[in-house]
Each structure stands twice: as C-alpha cells, then as structure tokens.
Amino acid sequence: MHLCVGLALALLCAVSLFVGVGELSAGRLFGDPEQMRLMLVSRLPRTLAAVLAGAGLAIAGLVMQTLARNRFVEPATAGTAQSAEFGILLGVLVFPAASLAMKSLLASLAALAGTLVFLVIARRLPPQQPFLVPLVGLVYGGVVGAMVTFIAWRADLLQMIAVWTQGEFSGVLRGRYELLWIAAALVILAWWVADRLTIMSLGEQVSVGLGLDYRRMLLLGLAIVSVISAVTVVVIGNIPFVGLVVPAVVARLAGDNLRGALPLVGVCGAGLVLACDILGRVLRYPYEIPVGTVLGVVGAVIFLWLLARQTPHG
Amino acid sequence: MIEIERVSLQLQGAQILHDISLTLPKGGVTALVGPNGAGKSSLLSLIARLSPLQTGSIRIDGMPVDATPGSVLARRIAILRQDNAVASRLRVAELVGFGRFPHSRGRLDAKERALVAEAIARFDLTDLADRYLDTLSGGQRQRALVAMAYCQGTDYLMLDEPLNNLDMRYGRELMGTLRRLADGDGRSILIVLHDINHAAAYADRIVAMRCGRVVAVGTAAEIIDADLLERVFGFRMRVESIGGRRVVLHHR
Ligand SMILES: Nc1ncnc2c1ncn2[C@@H]1O[C@H](COP(=O)(O)OP(=O)(O)OP(=O)(O)O)[C@@H](O)[C@H]1O
Ligand SMILES: [Mg+2]
C-alpha cells in the first residue's frame, strides 16, 4: 500500500509541474531557458509548497487528534488556524514592518496559546460524548475567527486577512514559500516521537505509568500542531479538512500506531492537497479556484462519507 | 518493599483515605479487598504515582514515588488500572509492545521482541496478536491489557481488578500466573480482588479496606473469618472448610 500511495504522489507531482497557465513541456525544458525559469521560479516552488503544506497539515491534524483523544478535531477549524491569524493581525497592527518570519513567529505563539485553551476546554467535556469536542472546537474557532474579522474590519484590513483565511497556492514563488520547510522539520520531529504520541493517545495515566513526561510531551505536541498550522497560514492561508479527513481515513486502513501511520498520513495529505490544487488550476482554466475552496468541497464529501460509514465497532 | 506512611486523600471535599500506614514486604502476592468505594483504587493510584500524593509519604524500595523520575519508576512498577477505555485502534501485539517502552524507548530489538512474544504467548493471545483491540471481546481485551502490564517486566506489578471480564478458566490461569511470577521470578504482586476466595487461595497476605481505612492485614487464615469479613463487607457470610481450605459462601 505504501508503494502505491508513494507512486500516486510522484505522479501528481509530475502533473503539477506541467499544468498551469504558461505552457511547459518536458521535452523543451532543458533547451529553453525561459521554460526552465518558469519551472524553477513558479512550478517547482508551487508543487513543493503543496506537498509540504499538505503533509504538514495532515500530520498536525493527526497529532492534534492524538492530544485531544478525539478523531473529529483539526487545527484548521478548532481555533489553531484562527489564533494564528489573530497573531499575524496583531503583528501587522503593532509591528507593521515585520518580516514573514517574524509574522510566523507571532502566529505560532498565538496558535500555541489558542490551541492550549481549546485543549483545556476539550478535557473538561464528558468523554462519553465524542461529538461534543469537535462541536465546541467549531464554535471556539468561529469565535476566534470572528474576533479576527472584527479587528480587521475596524482597522480596515479585511482585504489583507482574506489572504490568510483563504488558502491558495497561486502566489507561491521562489523566495516566498521556504518557511514551509519548517513544517517539514516538524513532521520529522513528529515521526521521531511517534511512539510517545501513540502512548499519549492511550491517556494520561497510561502515559505516566509507562514513564512518559506527559506535560512535556503535551507541550511538544502542541508546538508541532501550532507551528505547522501557523507557518501554513502565513505562507498559504488556511486550508480546511486535510487535517481531519486524511488521518481518519488512514486510521481506518492502518490503525492508530503512529510509527506506521505517520508516513502514510503525510504522503496522503500531500497528495490530497496537490490533487486539489491541480483541480483548482484546471477546472476553470485559465482562471484558478483557490485550493481552500476546492478542499472545502472535496473534504466535506469525504468527511460525510466517513461519518456515514462510522459503525459501532469502528 | 512498599512503605506507606500516614497517607490521606481528599477529593472534592470528601475524605477518601484516612491516615493510612502500611508496609508491604518485597515479594509475594498481596490482595487488596474491600467493598465498593472503600478506596482500593485510590490507594493503588497513589502507590503507582498516577495521582498526586497529598499528605504522607509512599516509598517503593526506598524511592519516594512523588520525587523519583517517572521513567525510573516505570522500570520498577507497572500498573493496570480498573477502567481502561482504550480508544486507539492498536493491534494486540502493538499494545503489548508498548509495555516495553520504559526499557526500549520505542526501539524494539530482537531481545525486546522476544519478550513481547513471550508475554503474548503467556496470556494466550497468539491467535489475536494481529487483531485490533476494538474488535476483541471484553475478556480478550482485558488479557491484552494484563499482558501489557506484565510485559513491562517490573519488580512490582499492580493490577486493579484484573479478573474483570475474565471467564473462570482465564481467571484461574491469571491467578496461577501471578502466583508463579511471585514464586519463580520473585516479583511482588499487588492485586485488587473482589472474589474473596481467589484472594484466599492465591494471596500470601490480604489487606482489607473499608471506608478509606485499612481494617485488617494478615494471611488468608487470619482474614477469612466470618466476623472479620462481616466487619469489612457489612454482611454475614458462611465460611466453610473444604479439604483444609477456607471457602467463603458469599453468594447466598
Ligand atoms: N475523582 C473523584 N472525585 C471525588 N470522589 C472520588 C473520585 N474518585 C473516587 N472517588 C470516591 O472515592 C471513594 C473511593 O473510590 P475508589 O475508586 O478508590 O474505590 P474502590 O475501593 O476502588 O471501589 P471499587 O471496588 O468500586 O472499585 C469512592 O467513594 C469514590 O466515590
Ligand atoms: Mg476500584
């Protein structure tokens, strides 16, 4: 299965490199400097950005679900992404000259605080009602998002925040996406601590029983979720559903042992985002539909399918 | 040796444990008995540092449980709690393998894998090793959880009502296994039991609790006594001697 998924992603990458406004053909690529430039400045960065953001978001979703011990939450809707937007907005208002990296830092800190608050709320909810957690997450994300919109409206920045609330790859060029490599580094970190994360999914007491420093791991997990989400929001904008449906589908097939599931989740997340971006490029060619919109539709369909297939015995 | 000194516990304003002092020597099987709500699980959680100590002190082989690093304790004590809602989709072999985490930190080499396989075989889980936990019956899942605690390979093994969901045969096998671990490997077993006859048949010592206090500590011969049991459980039961063993007829 791993091999098939990997091949599918490679295929998608190849398609992504050669689809879009501006003809590119593999045959002329190495003879024509103009073509090479288009490839290196635009297509390759765009493809890499989609792969990095997709893998990162899917794994951020997986880690968040592990921490919340609930399969129906994801950073994009449960307040993490909205808190990140809040952080960027504050950055823009307080330090207008801040660089992209500086904004990412502010976004990450805000996302960390916002996610922590959500987890604290989530832990107080009765475990017998698993659907309460995502519902509360939606409300919480909605409230934070509304706050962002309100402040932006008062500061006359509505146009600007649209860039972060609606994820799209059309603006990705060389020099403007490299921060996403941070997400890649965090994905590797998540893989490094995969066993610990799986143990955490068994609950705090089991973790303590096995000698895990539960609080430190919780913070590390939070940092992984928050920074990946924040960097993606800063560079691409919010992309919903990847963090939700990819881990859910993979858990069905490969179980919850993160050591095995994590690579699969990463590759599938990358593939899903890339596929949706390609779809967005070709659907109304030569115009583009933002990847966030495409994923909103595709993701919702997959999610509904998952809900419908939910059987009492998993 | 487990030394419990002047331990009290208060939860939400209610006094759960009252000034408990108790010393359990190393080795052997110790059964903790008492009615529902007596505080058995609470005491076990404190000993296994799963809940924070409020007053008093608990030391295991001289190590204070509240001041010793968790990773060190995890190589000395293993605990199976009473309520284990495992929501994760893990295979039996994976779950049991996580019992080795304190030693392997996640890297299962050949030696570790052999230990996991031994634990799986010991609890008759070989045919179920590749099954997801959420597809098992209650008793099968309970055996997997016991195997995980056993697999941790610690000197002290604490089990809170491990006979839950087990049928008579597996219940008896588990008690026999624990007995052998104590006799053969010199492990110390601390086990919460509701079946007083299992406690009488397998335990070296029985600790009887009621309303957050230790009412009596002693061998089966000392504890299995109609008057004492009435004081602990609050009702009269017949105690008979069958083939030299004391048997409590508690069911009617
Ligand atoms: N989190 C809590 N908050 C308040 N009271 C609690 C809490 N946990 C347990 N208790 C109370 O503490 C007392 C002892 O509980 P404990 O679980 O230790 O009993 P137990 O002897 O293990 O009982 P059982 O045989 O039913 O498992 C009970 O009266 C219980 O209601
Ligand atoms: Mg109990």
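The values are calculated or read from the model by the stated rules, or taken from the named source; none is laboratory data. Being a predicted model, the structure only gives us computed values, none of them experimental. FYI the Cβ positions are ideal-geometry reconstructions off the backbone, even for glycines, and counts take in every protein chain you see.
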message: If I filter segment B:57-72 for residues that are in contact (Cβ under 8 Å) with a residue 12 or more places away in the chain, of a type in the set (A, V, I, L, M, F, W, C), surrounded by 14 or more Cβ atoms within 10 Å (Cβ to Cβ) and within 7 Å of chain A (Cβ to nearest Cβ), do I get at least one hit?
response: no
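Here is a yes/no grid of residues against (1) at pLDDT below 85; (2) touching a helix residue (DSSP H, G or I) at 6+ places or on another chain (Cβ under 9 Å); (3) not aliphatic (A, V, I, L, M):
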{"position": "A:137", "(1), (2), (3)": "no, yes, yes"}
{"position": "A:141", "(1), (2), (3)": "no, yes, yes"}
{"position": "A:173", "(1), (2), (3)": "yes, yes, no"}
{"position": "A:180", "(1), (2), (3)": "no, yes, no"}
{"position": "A:187", "(1), (2), (3)": "no, yes, no"}
{"position": "A:211", "(1), (2), (3)": "no, yes, yes"}
field: Subset tally (residues that are charged (D, E, K, R) and either modelled with pLDDT of 95 or more or within 8 Å of ligand 1 (Cβ to nearest atom) (or both)) for segment B:5-42
entry: 1
- request: Return yes or no: is residue A:14 under 28 Å from the mean Cα position of the chain (by Cα), part of a helix (DSSP H, G or I) and at pLDDT below 80?
  value: yes
query: Can you pull out the residues in segment B:25-54 that are more than 14 Å from every other protein chain (Cβ to nearest Cβ) and either crowded, with 23+ Cβ neighbours inside 10 Å or touching a Leu at 6+ places or on another chain (Cβ under 7 Å) (or both)?
result: B:29, B:30, B:31, B:32, B:33, B:34, B:38, B:39, B:40, B:43, B:54
field: Whichever residue in segment B:121-146 is closer than 24 Å to residue B:76 by Cβ and within 14 Å of chain A (Cβ to nearest Cβ) and, among such residues, is farthest from ligand 2 (Cβ to nearest atom)
entry: B:144
message: Within segment B:73-89, take every residue that is modelled with pLDDT of 90 or more and away from ligand 1 (no atom under 16 Å from the Cβ) and give me the one that is surrounded by the fewest Cβ atoms within 10 Å (Cβ to Cβ).
response: B:75
Residue check for residue B:93: away from every other protein chain (no Cβ under 13 Å), over 30 Å from residue B:5 (Cβ atoms) and at pLDDT 90 or above: no
- request: Sort out for me the strands (runs of 3 or more DSSP E) sitting completely within segment B:1-49 that have 2 or more residues that are within 16 Å of ligand 2 (Cβ to nearest atom) and within 23 Å of residue B:78 (Cα to Cα).
  value: B:14-24, B:28-33
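Just to be sure before I move on: is residue B:118 part of a helix (DSSP H, G or I), farther than 30 Å from residue A:72 by Cβ and either more than 16 Å from ligand 2 (Cβ to nearest atom) or within 11 Å of another protein chain (Cβ to nearest Cβ) (or both) in the structure I sent? Can you show your working first?
On the way: part of a helix (DSSP H, G or I): yes; farther than 30 Å from residue A:72 by Cβ: yes; either more than 16 Å from ligand 2 (Cβ to nearest atom) or within 11 Å of another protein chain (Cβ to nearest Cβ) (or both): yes.
The answer is yes for residue B:118.
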message: Can you say whether residue A:250 is away from chain B (no Cβ under 13 Å) and buried (at least 16 other Cβ atoms within 10 Å of the Cβ), as far as the supplied structure shows?
response: no
message: Looking only at segment A:184-216, filter to residues that are surrounded by fewer than 18 Cβ atoms within 10 Å (Cβ to Cβ) and acidic (Asp, Glu); which one of those is nearest to the other protein chains (Cβ to nearest Cβ)?
response: A:213
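Here is a yes/no grid of residues against (1) over 12 Å from the mean Cα position of the chain (by Cα); (2) at pLDDT 90 or above; (3) within 16 Å of ligand 2 (Cβ to nearest atom); (4) buried (at least 22 other Cβ atoms within 10 Å of the Cβ):
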| site | (1), (2), (3), (4) |
| --- | --- |
| B:155 | yes, yes, no, no |
| B:158 | no, yes, yes, yes |
| B:162 | no, yes, yes, yes |
| B:168 | yes, yes, no, no |
| B:176 | yes, yes, no, no |
| B:186 | yes, no, no, no |
| B:196 | yes, yes, yes, yes |
| B:217 | yes, yes, no, no |
| B:220 | yes, no, no, no |
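Test residue B:201 against the stated conditions and say whether it is more than 16 Å from ligand 2 (Cβ to nearest atom) and either hydrophobic (A, V, I, L, M, F, W, C) or more than 14 Å from every other protein chain (Cβ to nearest Cβ) (or both).
Judged against the criteria, residue B:201 is a match.
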field: Boolean, residue A:6 is touching a residue at least 24 places away in the same chain (Cβ under 8 Å), buried (at least 23 other Cβ atoms within 10 Å of the Cβ), under 30 Å from residue B:87 (Cβ atoms) and under 21 Å from the mean Cα position of the chain (by Cα)
entry: no
task: Determine if segment A:288-297 includes at least one residue that is in a loop (DSSP other than H, G, I, E, B), free of Cβ contacts under 8 Å to residues at least 40 places away in the same chain and hydrophobic (A, V, I, L, M, F, W, C).
output: yes
message: residue B:120 - would you say it is within 22 Å of the chain's Cα centre (by Cα), within 16 Å of ligand 1 (Cβ to nearest atom), crowded, with 21+ Cβ neighbours inside 10 Å and not hydroxyl-bearing (Ser, Thr, Tyr)?
response: no
